[in-house]
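A.B. asks: Before I ask anything, let me first share the structure, which is written out below as structure tokens.
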Ligand code: OXD
Ligand code: MN
């Protein structure tokens, strides 16, 4: 079919499916008029469609097919060297009122931003295909799920969204005249002149990732990488969803989800927030060192938490795949992921072995003698730069994970028993503490800090506050996000159903600069203590930072720890904690009067406890 839109060039479109709501069709027409693609393709989410897109990407040089004996169904993408991570500096929350974006977000006036983007998007898809990608976040038809439609000129983004969400016609059918949906517009920002040859990874130096929280709308320009471009993930499921959740009484959380069964057969569900690249995927696929405990995976990155009719907090993983950081994923650290990545994976920016397989730092102890690095250059163990980019990724379906729980896609969600906040902290934060109550737990989440990693721009290692691990992901004022947690918790508390809240730190270091706690499989001992607390079986002692395990309630020597190291993991260094509390006062002051009273009260209590 060909059509002329608003006096612009002619394009051909496969007809909108019968399932398409008239509002979606009209919006796609408008976006086509603006961006002027050569053709429009409505994606149905079928295997044939995916394979066709993959074949095209191989032909275009965007994907390299890996050795099919070693990694069947798997491919490697190499991005443009300047398009390798989320760009927080170019991420905007364009709420009508600047105060609603808060001090942690880049704000721009929505009217002005729309003018800027209208200019930028004008003709931005010339020479390219516009794909219309309907998707459901959460099991299709679940009352907790929400739907969106992304238009994009990147087939790489289409196949990624196909893995990360329930994508295609069944999601499109969820959009009815009475059902809200989130429109998301994405372009790589690299229109092609007639006859101009494409590059393997088109993108632009100009980048914008823009959210209109009141209109529930997303616009992204110039990048094809990860959260900048797979808009269902961070842009929708966290930024826009945090605004929707605030208005509807549920919470969008940057949290993994676990199902845990104790030796007596009692099942628990745990939601845990960690800043980017703190080992969330490893923890989500934990293989316990205490085999009587069973840990299963529900999600590794995002949880939507909603009070259920039974008064309990219920959770779904809105995603359908894992977009995990490759470096640091190995047999010792995450054998489940290593196994999950044996087939049907798209890798991005990892290294290529001479026999057509992949490698990254941490996959094996010994690096291969020769590799092609993530930029496509020769690499040997003597090379001064890493073979895989530190933020290189795998994109894989959740169903490929051997520890995926049978309830991972239950439309009713799972009831949450415990909430964990964690960060990467060399000092001050003990291995585990339990909050005294929900308000104390919200304080722990609000004041969370972590050493910076490579998942975003910035200086690696620098300590930054990352409240609720949501710093780059909140579509609302962070103070409102805290108040929202307090409100939801107060309702749950009234029914006696508020989950217990804990803080963990796997990354504390000793004086020798080495990690004190072995981590990984041994983290199960901490998880067991947490759930024994929920079960009323484990004892605690009160400390200035919260409740800590009594001596003997975690078998640290079985984890290979000495008594000295164990004591160091829980050391309360008054002086250093007081210095941190001063920093926390400054941090809270930077939020002005948006800090909820209850958070101030908790801070006052900490100051008192430290004296
Ligand atoms: C992610 C992140 O990619 O948090 O999950 O940055
Ligand atoms: Mn994340």
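A.B. asks: What distance in nm separates the two pseudo spin-label positions at residue 399 and residue 69, each 7 Å out from Cα along the beta-carbon direction?
C.D. replies: Computed distance between label sites residue 399 and residue 69 equals 2.9 nm.
A.B. asks: A further question on this structure: To make sure I understand, if each residue's beta carbon is the centre and we count other beta carbons within 10 Å, what order do 485, 566 fall in, fewest to most? Please report the intermediate quantities before stating the final value.
C.D. replies: Working: 485 25, 566 19.
Least crowded to most crowded, the residues run 566, 485.
A.B. asks: May I pose another question? For helix 597-610, what angle does its Cα long axis make with the longest principal axis of the chain, in degrees from 0 to 90 and rounded to 10?
C.D. replies: 40 degrees
A.B. asks: While we're on this one: If you take the beta carbon distance between residue 48 and residue 366 as r and set R0 to 35 Å, what does 1/(1 + (r/R0)^6) give as a FRET efficiency, to the nearest 0.05? Mind dumping the intermediate values first?
C.D. replies: Values: r = 41 Å, r/R0 = 1.17.
Calculated value: 0.30.
A.B. asks: Based on the alpha-carbon gyration tensor of region 474-529, what equivalent-ellipsoid semi-axes (square roots of 5 times the eigenvalues) come out, in whole Å, largest first? Numbers along the way, then the final one.
C.D. replies: Details: eigenvalues 213, 64, 14 Å².
After diagonalising the Cα gyration tensor, the semi-axes are 33, 18, 8 Å.
A.B. asks: What FRET efficiency, computed as 1/(1 + (r/R0)^6) with R0 = 30 Å and r the Cβ-Cβ distance, is obtained for residue 205 and residue 463, rounded to the nearest 0.05?
C.D. replies: The pair residue 205/residue 463 has a calculated efficiency of 0.50.
A.B. asks: Neighbour counts of other C-beta atoms within 10 Å: give me 144, 527 arranged from fewest to most. It would help to have the intermediate numbers written out before the result.
C.D. replies: Values: 144 20, 527 26.
By the 10 Å Cβ count, ascending, the order reads 144, 527.
A.B. asks: Let me ask something else about it. From the square roots a ≥ b ≥ c of the eigenvalues of the alpha-carbon gyration tensor of region 424-578, which class results: rounded (a/c under 1.5), prolate (a/b over b/c), or oblate? Working shown, then result.
C.D. replies: Details: a/c = 1.96, a/b = 1.14, b/c = 1.71.
Here region 424-578 falls in the oblate category.
A.B. asks: Given a Förster radius of 60 Å and the C-beta distance between residue 563 and residue 378 as r, what FRET efficiency does 1/(1 + (r/R0)^6) yield to the nearest 0.05? Working shown, then result.
C.D. replies: On the way: r = 49 Å, r/R0 = 0.82.
For residue 563 and residue 378, the calculated efficiency is 0.75.
A.B. asks: Let me ask another. When a/c is below 1.5 the answer is rounded, else prolate if a/b is larger than b/c, else oblate, so apply that to region 192-282 with a ≥ b ≥ c taken from the square roots of the Cα gyration tensor eigenvalues. Write down the numbers at each step before the final one.
C.D. replies: Details: a/c = 3.80, a/b = 1.86, b/c = 2.04.
Cα axes put region 192-282 in the oblate bin.
A.B. asks: Where the centre of each part is set by its Cα atoms, how far does region 24-82 sit from region 207-271, in angstrom?
C.D. replies: Computed from Cα coordinates, the inter-centre distance equals 23 Å.
A.B. asks: If you don't mind, there's one more thing I want to ask. Between residue 407 and residue 490, what length comes free when the chain is fully extended (0.36 nm per residue of separation minus the Cα-Cα distance, one decimal in nm)?
C.D. replies: On the way: separation 83, 0.36 × 83 = 29.88 nm, distance 2.74 nm.
Extra length available between residue 407 and residue 490 comes to 27.1 nm.
A.B. asks: Starting from the Cα-Cα distance between residue 355 and residue 436, subtract it from 0.36 nm times their residue separation and give me the gain in nm to one decimal.
C.D. replies: Numbers: separation 81, 0.36 × 81 = 29.16 nm, distance 5.50 nm.
Gain on stretching residue 355 to residue 436: 23.7 nm.
A.B. asks: Give the separation of the Cα centroids, region 313-374 to region 110-178, in Å.
C.D. replies: The two parts, judged by their Cα centres, are 27 Å apart.
A.B. asks: Another question, then. Points 7 angstrom from Cα along the Cβ direction at residue 576 and residue 122: gap in nanometres?
C.D. replies: Distance between label points: 5.7 nm.
A.B. asks: Per 0.36 nm of contour for each residue apart, how much would the distance between residue 590 and residue 555 grow if the chain were fully extended, relative to their Cα-Cα spacing?
C.D. replies: Numbers: separation 35, 0.36 × 35 = 12.60 nm, distance 4.14 nm.
This chain segment gains 8.5 nm when fully extended.
A.B. asks: Moving to a separate point now. Would you work out the relative contact order for the chain, in percent, from Cα pairs under 8 angstrom that are 6 or more residues apart? Show your work: numbers first, answer last.
C.D. replies: On the way: 1357 pairs, mean separation 85.1, N = 611.
Answer for the chain is 14 percent.
A.B. asks: Whole percent per 10 Å bin, from 0 to the bin with the longest distance: what is P(r) over all C-alpha pairs of the chain?
C.D. replies: Binned Cα distances yield the sequence 3, 17, 28, 27, 17, 7, 1, 0.
A.B. asks: Using the per-residue mean of other Cβ atoms lying within 10 Å as a proxy for protection, in what order, highest first, do the peptides 113-122, 159-168 fall? The partial results should precede the final answer.
C.D. replies: Details: 113-122: 15.3, 159-168: 25.9.
Highest to lowest by the protection proxy: 159-168, 113-122.
A.B. asks: Turning to a different aspect of this structure: Sort 514, 280 so the one with the fewest other Cβ atoms within 10 Å of its own Cβ comes first. Provide the component values of the computation, followed by the final result.
C.D. replies: Details: 514 8, 280 24.
Ordered by Cβ neighbours within 10 Å, fewest first: 514, 280.
A.B. asks: Here is a further query. What is the spin-label model distance, in nm, from residue 140 to residue 99 if the labels are put 7 Å beyond Cα along the C-beta direction?
C.D. replies: 4.4 nm
A.B. asks: Quick one: angle between helix 47-60 and the longest Cα principal axis of the chain, in degrees between 0 and 90, rounded to 10, please.
C.D. replies: Helix 47-60 and the main axis of the chain meet at about 80 degrees.
A.B. asks: Going by the alpha-carbon gyration tensor, a ≥ b ≥ c the square roots of its eigenvalues, is region 226-346 rounded (a/c under 1.5) or, if a/c is not under 1.5, prolate (a/b greater than b/c) versus oblate?
C.D. replies: Working: a/c = 2.49, a/b = 1.16, b/c = 2.14.
Oblate is the answer for region 226-346, as a/c is 1.5 or above yet b/c matches or exceeds a/b.
No lab work stands behind these numbers, since they all come straight from the coordinates. Just so you know, these numbers come straight off a predicted model, no measurement behind them. FYI the Cβ positions are ideal-geometry reconstructions off the backbone, even for glycines, and counts take in every protein chain you see.
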